[in-house]
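**Student:** My questions all concern the structure below.
The values are calculated or read from the model by the stated rules, or taken from the named source; none is laboratory data. Keep in mind the model is a prediction, meaning the values are calculated, not measured. No Cβ is skipped: glycine too gets one built from the backbone with ideal geometry, and neighbour counts run over all protein chains shown. Each accessible area value is taken on the protein alone, full model and side chains, heavy atoms only, with ligands, DNA and RNA left out. Shrake-Rupley method; radii C 1.70, N 1.55, O 1.52, S 1.80 Å.
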Amino acid sequence: MDLSSLNENQRKGVETSAQYTRIIAGAGSGKTRVLTYRIAYLLENGLALPSGILGITFTNKAAGEIRKRVQQMVENTSSMALCTIHSWCARFLRKECHHIDYPKNFTILDEDDTLKVMKDIFQELGYSRNDSRIHKCLAWISSKKSDGLQYDDVKDMTTPNREIKEFIYFFSKYDEKLKKMYAFDFDDLLLKTIDILEDTKNGVQKNYQRFISHILVDEFQDINDVQFHLITLLLSPRTELYVVGDPDQTIYTWRGANNRIILNIEKTLSSLFPGAKVETIILDRNYRSTQNILNVSNRLIAHNKERVKKDLFSKNEMGEQIFYYKGRNSSECASNIVNTIDELHQKGTPYHDIAILYRANYLSRELESQLNLLHIPYQIYGGLKFFQRKEIKDIMAYFSLLINPINDIAFSRIINVPRRQIGQKSLEDLIHGANEASQSLYLYVLESKELPLPIKKSQILKEMVNILENARKELNTKDVKMTPLILENLLDQLHYDDELNIDESTKDERKENIDEFFAMMTRYFEEEDNPTFDEFMGNCILQSAQDEVKDGDYVLLMTVHTAKGLEFENVFIYRLCEGIFPSYRAIEDSLNGIEEERRLAYVAFTRAKKRLYITSDEDYNIATERKATPSRFIKESGIQYTNPLKRYENKNEWDEYRKQKENVQMHATNDIKEWNVGDKIMHDTFGVGVVLNVINEHTTYIIVEFKNPKFGKKTLIASHFMIHKV
């Protein structure tokens, strides 16, 4: 293996012989490269078998990238476990859940599913499905589980708080319902795995400690106490632990991440294995950003107390100074950002090399408005995820019933999808009958001779369940690689297309989403060494936000949290103001909150490769009840006011600029001489559409129906430069 492309510290990280290694990897320092080479190094030199390696990543996307790179360097990686910790737990539980009296075909519930479970509980107890306590109760339950506590741990908790007493009661009902359905929520995947490993009678822990020789953890700064406890349960006195992370980029403490784990790892390990020593290697050479960007980032993060000291340096060019614009209000900041983006694009910068980052999703509205004014294409990440779209949730509900027929959440979702004249009253009657028979809804319909429904509705449901049962038999008897074809046939037999045809404006897009789902499924069954339907479905449920990021030429808008792990040529940070970034909640939390926000700003700064633009304004802030002021992070990082963007002294000047630009654009043409009804078009802003009508007057107009329902039907000048024939 050729290690000549690695710098000195990277090479140390790859070749270390220490049993316990901590890699402090600064932003853009090549941590993924080091982790990849380390795994390949272990395999190529016979220091580990593929089956002895457990690699834990933060996202499925990262796991896929590392696996692909390792496979390019060494031949045999088939039995290597490289996945997120939740994915590994799901795989573990499929094999070992019989120890806690669960079948291997258990169901994993996502956030939407758990919300429905709690709403059902409230309804069964006589409360409204929209009760204000539902979300708060779920958050409380999740917080307890994140602390490693299950219902049995809190049921006898004494509290004078009436609300907490209610939450404990709802927790009991929630726990009861999940056990009845053989279902786990995301937190349960870790907790149930820990339960099995901690049971000394079953021998499972010793078995896994015996064959796992190396545990490697990426993004270790974002690990929480429960996750770390699980990892320590897999450690034997001989296991090698290799962790990679950056305490300066711990930005998820609000969901349990504990950066003290990476800071104090030697102390923790020595308490488990007396005499344990941890080798620390710092990766401080940045390959991403200019030195000017690194200078302001270093100055900023130096104000934090809880960190491993390091200063990032680069052998790249010094680069341009940081651009800082101070506007009078948020609208002015947004318009100047958009103006700069327009000028960058005119000088040859692709839109996909530009990102606008902000502290919270609500801040995108003004930016979107200004981007639309200049017809600049953009995409927002952190919105509706692929696996949360209705059509995908529908078909996954059907498929999950093939794995676990006692999943009442899935059955309730699809009972009237496509429409079968089964309304809420019919569903409630069915639920009552199933409860009386102590059966799940699916098995009740399948096995009962008579349902508490009219004959026609009973026949329709019986037919639906029989179709699912036939598909289950096929899955159990045919080659596993036939799974996608069997499931496509299942949807045809269920007439799921009828559901898509309800809304003509979204039909094509939803069909494309389903096609993409099956393409992904086909790839899985063709490329994985030992593919199973259960594991595929589990992986789908465990997808993360960044797994949704796709290529395309548009400006990217996202929160800083979503941008973690990404990089862009040009980064704009919108509204870096006190009370917004840092947030007013962080300011109230004093030291801990401010340190977290400073780390978040550090992450934002270090996403930029060539140019970094900072904006602040003086808008009135409702949270702080005063005018906004520049964030303390601007002064701490030494950024000077440069006002590089053209300042329009009033709205009229900005409007005049926009009109002039639109007039110029109106004179540009697409050189298309003829249009016909039925032609497909691509519009730079509105996307794909179909020509419904052509109007030939002094100017030719086309009436277009766009696939995206947000844009719908529009009348356009046929020669406009933003329109292209497909």
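**Student:** On the basis of being open to solvent by 20 Å² or more (accessible area, probe 1.4 Å), assigned to a helix (DSSP H, G or I) and either in contact (Cβ under 8 Å) with a residue 24 or more places away in the chain or acidic (Asp, Glu) (or both), does LEU591 make the cut?
**Tutor:** Against the criterion (open to solvent by 20 Å² or more (accessible area, probe 1.4 Å), assigned to a helix (DSSP H, G or I) and either in contact (Cβ under 8 Å) with a residue 24 or more places away in the chain or acidic (Asp, Glu) (or both)), LEU591 qualifies.
**Student:** The conditions are (1) out of contact with any Lys or Arg (no Cβ under 8 Å at 6 or more places or on another chain); (2) under 30 Å from THR606 (Cα atoms); (3) buried (at least 20 other Cβ atoms within 10 Å of the Cβ), and VAL244 fails exactly one of them. Which is it?
**Tutor:** Checking VAL244 against (1) out of contact with any Lys or Arg (no Cβ under 8 Å at 6 or more places or on another chain); (2) under 30 Å from THR606 (Cα atoms); (3) buried (at least 20 other Cβ atoms within 10 Å of the Cβ), the one that fails is (1).
**Student:** Here is a follow-up. What is the residue count in segment 687-697 for residues that are at pLDDT 85 or above and open to solvent by 40 Å² or more (accessible area, probe 1.4 Å)?
**Tutor:** The qualifying residues number 4.
**Student:** Tell me which residues, restricted to segment 452-469, are touching an Asp or Glu at 6+ places or on another chain (Cβ under 9 Å) and open to solvent by 50 Å² or more (accessible area, probe 1.4 Å).
**Tutor:** The answer is PRO452, and nothing else.
**Student:** For segment 124-152, what are the residues that are surrounded by fewer than 17 Cβ atoms within 10 Å (Cβ to Cβ) and closer than 13 Å to TYR169 by Cα?
**Tutor:** LEU125, ARG133, ASP152
**Student:** Here is a list of conditions, (1) under 30 Å from TYR287 (Cα atoms); (2) not in a strand (DSSP E or B), and LEU612 meets all of them except one; can you say which number that is?
**Tutor:** Going through the list (1) under 30 Å from TYR287 (Cα atoms); (2) not in a strand (DSSP E or B), LEU612 breaks only (2).
**Student:** Only one residue in LYS385, LYS393 is in contact with a helix residue (DSSP H, G or I) (Cβ under 8 Å, 6 or more places away or on another chain), at pLDDT below 90, under 26 Å from ASN501 (Cα atoms) and open to solvent by 10 Å² or more (accessible area, probe 1.4 Å). Which one?
**Tutor:** Going through LYS385, LYS393 in turn, just one is in contact with a helix residue (DSSP H, G or I) (Cβ under 8 Å, 6 or more places away or on another chain), at pLDDT below 90, under 26 Å from ASN501 (Cα atoms) and open to solvent by 10 Å² or more (accessible area, probe 1.4 Å): LYS385.
**Student:** Which of the residues that make up segment 519-532 are in a loop (DSSP other than H, G, I, E, B) and open to solvent by 40 Å² or more (accessible area, probe 1.4 Å)?
**Tutor:** If the condition is that a residue be in a loop (DSSP other than H, G, I, E, B) and open to solvent by 40 Å² or more (accessible area, probe 1.4 Å), then GLU528, ASP529, ASN530, THR532 are the ones that fit.
**Student:** Tell me which residues, restricted to segment 428-451, are open to solvent by less than 60 Å² (accessible area, probe 1.4 Å) and either on the phi > 0 side of the Ramachandran plot or in a loop (DSSP other than H, G, I, E, B) (or both).
**Tutor:** Within segment 428-451, ALA437, GLN439, SER440, SER448, LEU451 qualify.
**Student:** Here's something else I'd like to know. Return the only residue of ASP684, ASP671, ASP679 being among the charged types (D, E, K, R), more than 30 Å from GLU597 (Cα to Cα) and modelled with pLDDT of 85 or more.
**Tutor:** ASP679
**Student:** I'm trying to understand the selection: among the residues of segment 414-449, which are within 19 Å of GLU469 (Cβ to Cβ) and acidic (Asp, Glu)?
**Tutor:** GLU447 - this is the single residue of segment 414-449 that is within 19 Å of GLU469 (Cβ to Cβ) and acidic (Asp, Glu).
**Student:** Consider ARG38 carefully, then state whether it is basic (Lys, Arg), in a helix (DSSP H, G or I) and open to solvent by less than 20 Å² (accessible area, probe 1.4 Å).
**Tutor:** So ARG38 fits the description; yes.
**Student:** Name the pairs whose Cβ atoms lie under 7 Å apart, with the first residue in segment 226-255 and small (Gly, Ala, Ser), the second buried (at least 19 other Cβ atoms within 10 Å of the Cβ) and part of a strand (DSSP E or B), and 6 or more positions between them or separate chains?
**Tutor:** The qualifying pairs are GLY245/ALA25.
**Student:** When the residues of segment 271-320 are filtered to those that are free of Cβ contacts under 8 Å to residues at least 24 places away in the same chain and within 24 Å of ASN258 (Cβ to Cβ), which remaining residue is surrounded by the most Cβ atoms within 10 Å (Cβ to Cβ)?
**Tutor:** ALA302
**Student:** Just wondering, is there one or more residues in segment 547-555 that are open to solvent by less than 50 Å² (accessible area, probe 1.4 Å), touching a Lys or Arg at 6+ places or on another chain (Cβ under 7 Å) and modelled with pLDDT under 90? Working first, answer last.
**Tutor:** Here is the first cut: in segment 547-555, the ones open to solvent by less than 50 Å² (accessible area, probe 1.4 Å) are 547-549, 552, 554-555.
The next check asks that each one be touching a Lys or Arg at 6+ places or on another chain (Cβ under 7 Å); those that pass are 547-548.
Filter again for modelled with pLDDT under 90, leaving 547-548.
There is at least one residue in segment 547-555 that is open to solvent by less than 50 Å² (accessible area, probe 1.4 Å), touching a Lys or Arg at 6+ places or on another chain (Cβ under 7 Å) and modelled with pLDDT under 90.
**Student:** Quickly run through segment 323-355 and pick out the residues that are under 24 Å from ASN298 (Cα atoms), among the hydrophobic types (A, V, I, L, M, F, W, C) and open to solvent by 10 Å² or more (accessible area, probe 1.4 Å).
**Tutor:** PHE323
**Student:** Let me ask something else. Would you point out which residue out of ASP120, ASP113 is out of contact with any strand residue (DSSP E or B) (no Cβ under 6 Å at 6 or more places or on another chain), open to solvent by less than 40 Å² (accessible area, probe 1.4 Å) and under 23 Å from PHE386 (Cα atoms)?
**Tutor:** Values: ASP120 fails: under 23 Å from PHE386 (Cα atoms).
Going through ASP120, ASP113 in turn, just one is out of contact with any strand residue (DSSP E or B) (no Cβ under 6 Å at 6 or more places or on another chain), open to solvent by less than 40 Å² (accessible area, probe 1.4 Å) and under 23 Å from PHE386 (Cα atoms): ASP113.
**Student:** Can you name every residue in segment 479-507 that is over 25 Å from the mean Cα position of the chain (by Cα) and within 30 Å of LYS713 (Cα to Cα)?
**Tutor:** HIS495, TYR496, ASP497, ASP498, GLU499, LEU500, ASN501, ILE502, ASP503, GLU504, SER505, LYS507
**Student:** Would you mention how many residues in segment 4-26 are of a type in the set (A, V, I, L, M) and either open to solvent by less than 10 Å² (accessible area, probe 1.4 Å) or under 22 Å from ARG307 (Cα atoms) (or both)?
**Tutor:** In the first step, residues of segment 4-26 are kept if they are of a type in the set (A, V, I, L, M); the result is 6, 14, 18, 23-25.
The next check asks that each one be either open to solvent by less than 10 Å² (accessible area, probe 1.4 Å) or under 22 Å from ARG307 (Cα atoms) (or both); those that pass are 14, 23-25.
Total meeting the criteria: 4.
**Student:** Another question about this same structure. Quick one: count up the residues across segment 41-87 that are assigned to a helix (DSSP H, G or I), touching a Phe, Trp or Tyr at 6+ places or on another chain (Cβ under 8 Å) and open to solvent by 10 Å² or more (accessible area, probe 1.4 Å).
**Tutor:** Looking only at that region, the number is 3.
**Student:** Now for a different question. Go through segment 480-518 residue by residue and tally those that are aliphatic (A, V, I, L, M) and open to solvent by 20 Å² or more (accessible area, probe 1.4 Å).
**Tutor:** The qualifying residues number 4.
**Student:** If you don't mind, another one. Any chance you could count how many residues in segment 218-256 are hydrophobic (A, V, I, L, M, F, W, C) and either out of contact with any helix residue (DSSP H, G or I) (no Cβ under 7 Å at 6 or more places or on another chain) or farther than 14 Å from ILE85 by Cβ (or both)?
**Tutor:** The number of residues fulfilling the criteria is 6.
**Student:** Among the residues of segment 182-203, is any among the hydroxyl-bearing types (Ser, Thr, Tyr), assigned to a helix (DSSP H, G or I), touching a residue at least 12 places away in the same chain (Cβ under 8 Å) and under 22 Å from ALA257 (Cβ atoms)?
**Tutor:** yes
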